[in-house]
Every structure is written in C-alpha cells, then in structure tokens.
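Below you'll find the structure, written out as structure tokens, and then a few comments.
Readers should treat all values here as calculations from the given coordinates under stated rules, not as data from a laboratory. Predicted model, so just to flag it, every value in this text is computed and none were measured. Cβ atoms come from the backbone with ideal geometry, glycine included; neighbour counts cover every protein chain shown.
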Amino acid sequence: MDKIKLAINGQEVEARRGMTVLEVAEAAGIYIPTLCHDPDLEPYGACRLCVVEVEGMRGLPTACTTPATDGMVVHTETPAVNKVRCTAVELLIADHPSDCLTCPKNQQCELQKVAAYLGITQQRFRKATGLLPVDTSNPFFNLDRNMCILCARCVRTCDEITGVGAIDLAFRGYESKVSTFNDNLLLDSICVSCGECVVHCPTGALIPKDARQPTREVETICPYCGVGCGIYLGIRDGQIISIRGKREGTVNKGSLCVKGRFGIAEYI
Ligand code: SF4
Ligand code: SF4
Ligand code: SF4
Ligand code: FES
C-alpha cells in the first residue's frame, strides 16, 4: 500500500509513503515557512523555520526532514511553533543589514517573506556590528556575506547539483561563513561560474552583477551547444537583462552552464 492518510491542522490529506511532512503540506496547499529547504536539494534541517507539532512525538520536529506516516496528526500553527520560528528569524535579522529597499533581492527575498509572514516588525536582539568585505571577484555575480543567513543552499547546490564543491561553510559561531578552499576569492577557486548557487540563494547574498527585474520573458533554447537547454530570456527596454533556466521538461530542469546563464546577452 503506497498511500497514507494524515491530518494537518484538522484537514485530512492523502499522501504517498516516503514524502516528508513539508511535501505533504505543500501538496495540500498548507503553507509552512522555510529557509534552508530547497526542493532541488536533499533535506537539511538547519534553520528550524519549518518546525511543527506532531501528536505523540516529543519536541518540535522539522517538517522538511520528518517523514509523513499513516495516521499522523500534525499542527503547523501553534503558539510553541510560532515562538520557535519567530526567535529563529529574529536571530537571523540581528545579524543582517536593514537596507531592504536598496537590496537587489527586495520583494523576492525569502527572508523578507518569512519575516512578514511571522509578523516580525521589531529588532528584539541587539544588532551585530561590523561589515564583511564583499567578494566581487567573479565576473558574473557577487558574494555579499553580510546578507548571508548560512542556510548552506549554495554549498549543497555546488555539491549536489553542479558536482564541483567549490564552496563550504567554514569556521564556527560568529566567524562562520561561506568560503572557498583556503578562504580564497571566488575567482581564485575551482568555481566554474555556473551561477547555480546564485539561483538557489534565498537572499541577496549571492546576486548577479547588475541584477534587475525584466518586464517580460521570452521562452527559447540556449544556442551554445547541442544539449538544447530550455531558457527564458528576461527582456527590459528591448534588451536581454537576465536568463532563467527552464524547470519544466526533462532537458535541463532549470540548470544551466556558465555560457547559457551569463553568455547569451553577448551572443545575441
Ligand atoms: S537579503 Fe532580503 S532581508 Fe536582506 S536586505 Fe536584501 S531584501 Fe532585505
Ligand atoms: S557558480 Fe557554480 S561552481 Fe561556482 S560556487 Fe556557485 S555552484 Fe559552485
Ligand atoms: S550565500 Fe545564500 S545560499 Fe549560501 S549560505 Fe548564504 S544565504 Fe544561504
Ligand atoms: S526548512 Fe526545515 S529546517 Fe530549514
């Protein structure tokens, strides 16, 4: 029997065995905030934004790493759950610049989205001081560690999707940061500039140079090689200003190489 039934917030939902609680909730249209979760990557369970209450289970398990089981009774919006989520986000914000209006990720940022969802409007913890230098060495994108929430989505992307392993989380505590081998600049690392980590970063920490929002998109196929990756050209004022990999279909599932991601505007 491959099907299971569980209750989420009093709603009976059917699921496939092997799905996580988060996947079941999302399939049923029930929102659970997340930050370190990425549907393209293995479950990680670090940010604790997706905690839920499960009747008969101790503590508050993370929905992104907890397998759904038959008969499970889940609550996604309880005072205890919201307290943990709010504290997690407040700690992230304490270590984060408050200049959303001038951030290229403004209105597309997942940290903004979860803070708004949780109703966080005040700075409860003392702000950490000191700015980290921005790594602008890569010709196509910047790494601004001041905007980083240490979700490791970039690290896991570089490992699980790209298979390069150019970056990792290095050092501990307040010193913790995304780093290359020997803490070199990205340009001096083994990074192949595919930009996959940029796509998977939830904040403005990894961001294309000259990031702007297109006014419309045109679907086409990358002209560089015979693989035929699906792409969307982002158009603004008659110019191509961005490229997005096509997730639908089986050819590239959203991924692109450096030529497709950053070289199209020069080619056309
Ligand atoms: S990364 Fe998000 S929260 Fe941080 S400044 Fe940019 S828009 Fe605001
Ligand atoms: S651009 Fe590609 S190779 Fe470089 S760090 Fe990001 S995912 Fe890894
Ligand atoms: S750079 Fe982005 S993806 Fe990487 S750990 Fe920081 S916030 Fe997460
Ligand atoms: S999304 Fe589940 S722990 Fe981060």
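Decide, for the range 131-208, between rounded, prolate and oblate: order the square roots of the alpha carbon gyration tensor eigenvalues as a ≥ b ≥ c, take rounded if a/c falls under 1.5, and otherwise choose prolate if a/b is larger than b/c, else oblate. Verdict is rounded for the range 131-208. Residue ranges 242-249, 204-211 sort as 204-211, 242-249 when ordered by packing (mean number of other C-beta atoms within 10 Å per residue, highest first). The protection proxy used here, the mean number of other Cβ atoms lying within 10 Å of each residue, ranks peptides 75-83, 250-258 as follows, highest first: 250-258, 75-83.
Any idea how far apart E14 and I190 come out in nm if each label point goes 7 Å out from Cα toward Cβ? Between E14 and I190, the label points sit 4.7 nm apart.
Fewest neighbouring Cβ atoms within 10 Å first, the residues Y224, Y174, Y117 line up as Y174, Y117, Y224. For the listed peptides 162-168, 96-102, 52-58, a ranking on the average number of other beta carbons within 10 Å per residue, highest first, reads 162-168, 52-58, 96-102. In the range 1-129, the inverse of the mean reciprocal separation of distinct Cα atoms equals 15.7 Å; this is its Kirkwood hydrodynamic radius.
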